[in-house]
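Student: Quick one: structure below, then a few questions.
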Amino acid sequence: MLSALRAEAAFAPESGIIRVMNHARASGKPIIPLVAGEGHQPTPQFICQAASDSLRAGETFYTYQKGLPELRQALSDYHKRHFDRDLVADRFIVTGSGMQAIQLCIQAVAGAGEEVLVPTPAWPNFAAALGVMGAKPVSVPMQFDSQSWALDIDALEAAITPKTRALFVNSPCNPTGWVADADLLNALLKFARKHDLWIIADEVYNRFFYSGARAPSFYDLMEADDKILFVNTFSKNWAMTGWRVGWISAPPALQQVFENLVQYSTSGVAAFMQRAAIAALNDGDSFVDAQVAYCHKGRDLVCDALEATGKIRLERPRGAFYLFFGLNDFPDTMELGIRLVDEVGVAMSPGEAFGPGGAGFMRMCFARDHDDLISATDGMTSWLAPSD
Ligand SMILES: Cc1ncc(COP(=O)(O)O)c(C=O)c1O
């Protein structure tokens, strides 16, 4: 049966993250869930209220493919507030999640057999979505020098071929928490201009930055004619992972193209979800600030506890909400992920799920309840201690 399908669909890889998640679910035991990329708080009431008001008002019909004009304007205002740039509402296309934003950007720039450079470790969905499209992710491993992660422009240069169409840049990074500084973003932009590549800038964790109001962004450097597609989501900033709503920010000249791509996929995001997204953007700044502050404390809590074991390699993440740590004695982290569920009662993601460069590491989400983080690190500390 499988062989009757398109190979790209039939052999799309199973996500290593979902594998551990499913093992934890199947165990039937209470497991501390640090595996998925989400916090423990439900979406704030003022956002839910906007959605239910919309439904009650009868907004149940087909809607704008590109997004409600009010939402696109709210996105423009949000970017003015946080990035101090005048970006017209026409830049913004509302999508059914950050994942769909990624998918549509791939559809727009990379066809069958074409290549996209992906620094790894990276969130696996990007490379897998490229593969499903018949395009090819070209992994460019980042280096971990026992203290910090680094991306080398020469390694990107070496990976260029005549088929290279785009560069994927995820900063702050899931899973490593690495953040590109302004100099590196500048160097990446020059590199993309030189080779006439698109940049797909995944800045979904931009606000989760622990040494300033937000991480450096391509918005700080971009010229009007730069070929940059930004993908983003409501999932992380406003605790809306289950809603599935995101956005693309693209040069306004591409509006019609993206409208068509939305039309031929989901045909738009439900109006009530878009009303919720407007409330999140217009009234959600203090909620985001509180979430980031909570994650900052969570980061320090897990890093302090695990560093104290003396058995763990890590860089204290500068952004996003994951700790990517290495355990010297456990090279097979898929097996380790399963053992930690069974023996410690904690679910985390295996590093090899994030591509070359991730082997030997585990990813822990620290956007979680601090009591859970304490129980998880206590459990890990005892598990790692010699049993004499
Ligand atoms: C780096 C990155 N990009 C995009 C997304 C997509 O977010 P969503 O599909 O929940 O909107 C995620 C989710 O984990 C992510 O980590």
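Student: Kindly indicate whether Ala166 is open to solvent by less than 10 Å² (accessible area, probe 1.4 Å), touching a Cys at 6+ places or on another chain (Cβ under 9 Å) and more than 14 Å from the ligand (Cβ to nearest atom).
Tutor: yes
Student: Residues that are within 28 Å of Gly284 (Cβ to Cβ) and in contact with a strand residue (DSSP E or B) (Cβ under 9 Å, 6 or more places away or on another chain): list the helices (runs of 4 or more DSSP H) wholly contained in the range 1-90 that include at least 2 such residues.
Tutor: Counting at least 2 such residues, we get 16-27, 69-83.
Student: Specify which of the listed residues (Val288, Val292, Val262) is away from the ligand (no atom under 13 Å from the Cβ), open to solvent by less than 60 Å² (accessible area, probe 1.4 Å) and in contact with a strand residue (DSSP E or B) (Cβ under 7 Å, 6 or more places away or on another chain).
Tutor: After ruling out the rest, the residue left standing is Val262.
Student: Something else: Does the range 140-169 hold any residues that are modelled with pLDDT under 95 and among the polar types (S, T, N, Q), and which are they?
Tutor: Answer for the range 140-169, where residues must be modelled with pLDDT under 95 and among the polar types (S, T, N, Q): Gln143, Ser146, Gln147, Ser148.
Student: Going residue by residue through the range 295-311, is there one that turns out to be farther than 17 Å from Tyr210 by Cβ, of a type in the set (Lys, Arg) and in a loop (DSSP other than H, G, I, E, B)?
Tutor: yes
Student: Can you tell which of Trp149, Trp198, Trp178 is away from the ligand (no atom under 16 Å from the Cβ) and in contact (Cβ under 8 Å) with a residue 40 or more places away in the chain?
Tutor: Trp198 is the lone residue from the list that is away from the ligand (no atom under 16 Å from the Cβ) and in contact (Cβ under 8 Å) with a residue 40 or more places away in the chain.
A quick yes/no check of all residues on (1) within 15 Å of the ligand (Cβ to nearest atom); (2) hydrophobic (A, V, I, L, M, F, W, C); (3) surrounded by fewer than 20 Cβ atoms within 10 Å (Cβ to Cβ):
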residue	(1), (2), (3)
Pro216	no, no, no
Ala224	no, yes, yes
Val231	yes, yes, no
Asn237	yes, no, no
Thr266	yes, no, yes
His296	no, no, yes
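Student: Assuming Gly360 fulfils every condition listed in (1) closer than 30 Å to Pro42 by Cβ; (2) small (Gly, Ala, Ser); (3) at pLDDT below 95 apart from one, which condition is it?
Tutor: (1)
Student: In the list Val116, Val138, which residue meets the criterion of being more than 16 Å from the ligand (Cβ to nearest atom) and either touching a Gly at 6+ places or on another chain (Cβ under 6 Å) or in a strand (DSSP E or B) (or both)?
Tutor: After ruling out the rest, the residue left standing is Val138.
Student: Which members of the range 145-177 meet the condition of being more than 20 Å from the chain's Cα centre (by Cα) and assigned to a loop (DSSP other than H, G, I, E, B)?
Tutor: Asp145, Ser146, Gln147, Asp152, Ile160, Thr161, Pro162, Lys163, listed by residue number.
Student: Residues to consider are Leu68, Leu130, Leu75, Leu87; find the one that is within 26 Å of Arg207 (Cβ to Cβ) and within 16 Å of the ligand (Cβ to nearest atom).
Tutor: After applying the criteria, what remains is Leu75.
The values are calculated or read from the model by the stated rules, or taken from the named source; none is laboratory data. Predicted model only: the values in this text are computed from it and were never measured. Cβ: placed from backbone, ideal geometry, glycine included. Neighbour counts: every protein chain shown. Accessible surface areas use protein heavy atoms only, side chains included; no ligands, DNA or RNA. Shrake-Rupley method; radii C 1.70, N 1.55, O 1.52, S 1.80 Å.
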